[in-house]
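Step one of this worksheet: look at the structure below.
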């Protein structure tokens with residue numbers, strides 16, 4: 001009997017020509033291989049005819065596992081499950097990801113879905129596969145939801161996987177299809193070396209999904225993977241997209257020292273917290289720079305201390321300015337992101353965010369302000385409950401959640417009027433055009449876009465200096481361009 005397992009990553013609706021590697025499936029594959037199974041990854045974002053690729057493996061696969069995140073990926077996940085059921089009704093369809101975890105009943109109610117996995121698949125899936133092979137019942141498996149005699153059976157308690165010895169199986173994908181120019185480097189990939197975060201930001205999924213627990217691979221395994229990518233695939237840059245790379249300072253030091261000792265000359269970056277950067281000592285910052293650290297991303301969110309406390313960010317406003325200055329001192333490119341439209345936010349607090357950005361740019365004129373993004377009430381987060389208290393009406397169906405994207409989310413937020421929505425949307429665009437960096441210029445791949453970028457930056461400079469975000473005449477033009485990119489993706 002074949003021990004093949006299909007792992008299908010659906011399109012998300014905002015996929016660039018070269019997307020990031022499907023790391024979640026590549027990590028899951030390591031556990032499946034160790035258990036004696038044969039994982040096959042089908043990535044719809046790069047497969048021109050993904051249906052043909054699925055059909056090559058469908059009839060001799062134990063099951064088909066489909067990734068499902070809140071947003072437009074839901075549409076493609078449902079269509080994929082429906083396609084599989086039409087081709088082979090006996091194949092078990094299993095959905096995993098954040099949406100099935102946060103909305104298990106809703107997801108399992110879909111006719112084409114046989115099972116859902118809550119939490120991490122590495123813990124649950126090997127047991128499910130063993131039961132399928134033995135034609136045994138699925139009862140009693142933690143973190144699994146399934147249907148039995150027309151009824152939903154949900155075991156909502158799930159366990160977290162031990163990542164200590166785990167590896168990302170780069171050998172199961174065509175790496176060249178995922179190497180892309182990013183962060184000033186032509187050949188960059190993303191990596192995840194740990195999961196979870198010990199902090200408690202109120203807008204983050206981590207509190208529920210990872211239970212505020214941080215887990216990591218061994219530093220030696222991380223270095224082995226980077227060295228292979230560097231020597232065998234000419235990878236020049238790595239960006240760590242995990243929840244919080246800097247959780248354990250000793251681990252970071254071990255990775256940095258390992259990169260230097262192995263003579264791995266890459267540029268690397270990750271997310272960082274402003275308070276960690278503000279406290280960082282010169283020796284640690286020098287080690288980061290010497291090992292190739294060239295890019296750090298900070299989520300500052302607001303210039304209001306009250307809102308930072310409401311969000312449980314556990315940072316001080318001044319930390320943002322100190323972090324910007326330290327990045328300048330050590331020649332590390334810094335990108336900062338912010339939020340607006342948070343429940344209870346006042347006009348003065350929004351102005352405080354704008355004023356903070358100016359202070360940060362004074363401290364570091366090269367700081368990249370990625371944008372002041374409109375808040376999304378995301379399921380499974382503490383602020384989600386606060387949003388509901390202030391009148392937020394969550395989508396009630398999978399179809400409605402599929403349309404819950406950054407551009408439509410404010411329609412469900414009653415404290416944001418239609419005029420305020422346009423105001424906040426324009427503010428977000430103005431911030432991005434006003435403070436874009438050289439990376440943005442590279443994206444302008446045509447004369448039309450280069451001219452558009454030049455014009456929009458000029459308009460945004462004037463708006464920012466005057467603090468005037470009314471009469472948003474440029475919104476329709478920008479929205480049309482973003483829509484074209486989404487349709488192309």
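Some observations on this one:
- Residue identified as at pLDDT 95 or above, surrounded by fewer than 19 Cβ atoms within 10 Å (Cβ to Cβ), more than 26 Å from residue 254 (Cα to Cα) and out of contact with any strand residue (DSSP E or B) (no Cβ under 6 Å at 6 or more places or on another chain) among 218, 156, 177: 177
- Identity of the residue in region 81-100, farther than 15 Å from residue 146 by Cβ and under 22 Å from the mean Cα position of the chain (by Cα), that ends up surrounded by the fewest Cβ atoms within 10 Å (Cβ to Cβ): 98
- Spans of helices (runs of 4 or more DSSP H) in region 342-412 with at least 2 residues outside the structural domain of residue 461 (by TED's automatic domain parsing) and under 17 Å from residue 313 (Cβ atoms): 347-363, 382-389
- Filtered residues of region 12-39 (kept if more than 14 Å from the chain's Cα centre (by Cα), modelled with pLDDT of 95 or more and either in a loop (DSSP other than H, G, I, E, B) or surrounded by fewer than 20 Cβ atoms within 10 Å (Cβ to Cβ) (or both)): 30, 33, 34, 35, 36, 37, 38
- Test: residue 326 is in a loop (DSSP other than H, G, I, E, B) and in contact (Cβ under 8 Å) with a residue 40 or more places away in the chain: no
- Residue list for region 2-11, restricted to those being in contact with a strand residue (DSSP E or B) (Cβ under 6 Å, 6 or more places away or on another chain) and buried (at least 16 other Cβ atoms within 10 Å of the Cβ): 4, 5, 6, 7, 8, 9
- Residue satisfying all of: in region 302-323; in contact with a strand residue (DSSP E or B) (Cβ under 9 Å, 6 or more places away or on another chain) and in a helix (DSSP H, G or I); farthest from residue 387 (Cα to Cα) among these: 323
- Counting only strands (runs of 3 or more DSSP E) that sit wholly inside region 180-246, those with at least 3 residues that are touching a helix residue (DSSP H, G or I) at 6+ places or on another chain (Cβ under 9 Å) and either in contact (Cβ under 8 Å) with a residue 60 or more places away in the chain or assigned by TED's automatic domain parsing to the domain that holds residue 270 (or both) are 185-191.
- Some residue of region 466-480 being in a helix (DSSP H, G or I), at pLDDT 90 or above and touching a helix residue (DSSP H, G or I) at 6+ places or on another chain (Cβ under 7 Å): no
- Filtered by the rule that a residue be at pLDDT 95 or above and not in a helix (DSSP H, G or I), region 69-88 gives a lone residue, 88.
- Test: residue 91 is modelled with pLDDT of 95 or more and in contact with a helix residue (DSSP H, G or I) (Cβ under 9 Å, 6 or more places away or on another chain): yes
- Matching residues in region 91-102 - criterion: being closer than 15 Å to residue 67 by Cβ and not in a strand (DSSP E or B): 97, 98, 99, 100, 101, 102
- Test: residue in region 223-233 that is closer than 26 Å to residue 384 by Cα and either surrounded by fewer than 19 Cβ atoms within 10 Å (Cβ to Cβ) or out of contact with any strand residue (DSSP E or B) (no Cβ under 8 Å at 6 or more places or on another chain) (or both): no
- Residue within region 126-145 that is part of a strand (DSSP E or B), over 19 Å from residue 61 (Cα atoms) and assigned by TED's automatic domain parsing to the domain that holds residue 69 present: yes
- Residue tally, condition touching a residue at least 60 places away in the same chain (Cβ under 8 Å), under 27 Å from the mean Cα position of the chain (by Cα) and either under 15 Å from residue 128 (Cα atoms) or not assigned by TED's automatic domain parsing to the domain that holds residue 122 (or both), over region 40-72: 2
- Residue match in region 364-385 (condition: closer than 14 Å to residue 278 by Cβ, in contact with a helix residue (DSSP H, G or I) (Cβ under 7 Å, 6 or more places away or on another chain) and touching a residue at least 12 places away in the same chain (Cβ under 8 Å)): yes
The values are calculated or read from the model by the stated rules, or taken from the named source; none is laboratory data. Small disclaimer: the values here were computed from a predicted structure and weren't measured. Backbone-built Cβ (ideal geometry, glycine too); neighbour counts: all protein chains shown.
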